[in-house]
Each structure stands twice: as structure tokens, then as C-alpha cells.
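All remarks here apply to the structure that follows.
Just so you know, all these numbers are worked out from the coordinates, no wet-lab data involved. Since we're looking at a predicted model, the values are computed, not measured. Counting neighbours? That spans all protein chains shown, and the Cβs are built from the backbone with ideal geometry, glycine included.
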Amino acid sequence: MDDLDISSTLLSKLYHFGKLIDTTLNIELAPFGLSAAQWGVLAQVRDQPGIAGASIARAAEVSPAAITTMLQRLEHAGLVERRALPQGRIVETYLTPAGQAIVQEADLAVARVEGRVQAAFHSSETQRLFEDLQRVAAVLGPKTNASTKTS
């Protein structure tokens, strides 16, 4: 079997583009004191006021501990408020007025990046790219034991 040139595989290209997107967003969001991950969490809290950290973690596909640490930092920065429910261990998360203001500004920065990328494509090309990426997601989707079984 020929040696695999990892730099030319589809997965390596997708991985590289993911890192490039993350780096670009981190640069654009730095003036707001946010990382791309923090902006994503703030946007999720904006869209789902009262969301629990565990739900954020599931959506972001990271550990609850990582989200708890991030939420603590965002709370310390005055961007979110966390409220424990009287019963159980659930802690709801809400944006503060400062958090609402910064996420609105950060949204504009992200929209500018989105606009730069979209400008490089015709609308039909963008639609095709979405469809192609959906196919990749379908193939790589929820993990099953089938991919780990041996013959």
C-alpha cells in the first residue's frame, strides 16, 4: 500500500480549515476580550436564557468541567450571571447587561468574517458547500460501536 500523504487528505484539509476559522475568530474577537469558544457560549446563553452548563457542554461537545470553568471566568468578568435553582444541582445561566452588549458587538465581528468568506462564493456554491459539509457530518456523525468493531 502506498504511503498516505496526510497533508492531502480530505480530513486533514477539513481539520486545517477548522483551525483557521478558530484562529481567525480568536483574532477578530480579541478586542472584546473573548475567544471564539467564549463567544459561542455567550451566544448560546443569549439564545437560551437560563440554560444549564451541562446543556452547553453537550452542545459544544466538551466536558461539563470545561464549561463550568469557562462560565466561572465569564461570571467573574461580569458577562454572565449564574443562578442555582432551589432544588437540585442545576445552575441556570443568564447574560448580564454587559454580556448582552459584548455579545452584540462580537456578533458583528463574526458577521464580518462570515461576510468575507461568503463574498468568495456565489450563492449556489455556498449552498453546495453546505450540502457537502452536511454529507461529511452524516458520515462522521454520532459515534457507534460499528466503527470500533474488529473482524
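Couple of notes before you dig in:
- In the chain, the longest principal axis of the Cα atoms and the axis of helix 10-29 are about 30 degrees apart.
- If only the Cβ of Lys and Arg carry +1 and only the Cβ of Asp and Glu carry -1, the dipole of the chain around its Cα centre is close to 460 debye.
- Comparing T93, L133, V41 along the charge dipole axis of the chain, the residue lying farthest to the positive side is T93, per the Cβ-charge model.
- C-alpha long axis of helix 97-119 to longest principal axis of the chain, angle in °: 20
- The helix-only estimate of mean residue ellipticity at 222 nm for the chain, built from DSSP H runs of length n ≥ 4 each weighted as -39500 (n - 2.57), is -20500 deg cm²/dmol after division by the residue total.
- Selection from P31, Q104, A52, by position along the positive dipole direction of segment 19-138 (Cβ): A52
- For segment 53-96, GluC sites (Glu not before Pro) are listed when DSSP marks them as loop and at most 12 other Cβ atoms sit within 10 Å of their Cβ; the list is E61.
- Values [x] 148; [y] 94; [z] 172 are given for comparison; volume of the Cα convex hull per residue in Å³, derived from the coordinates here, is the one labelled [z].
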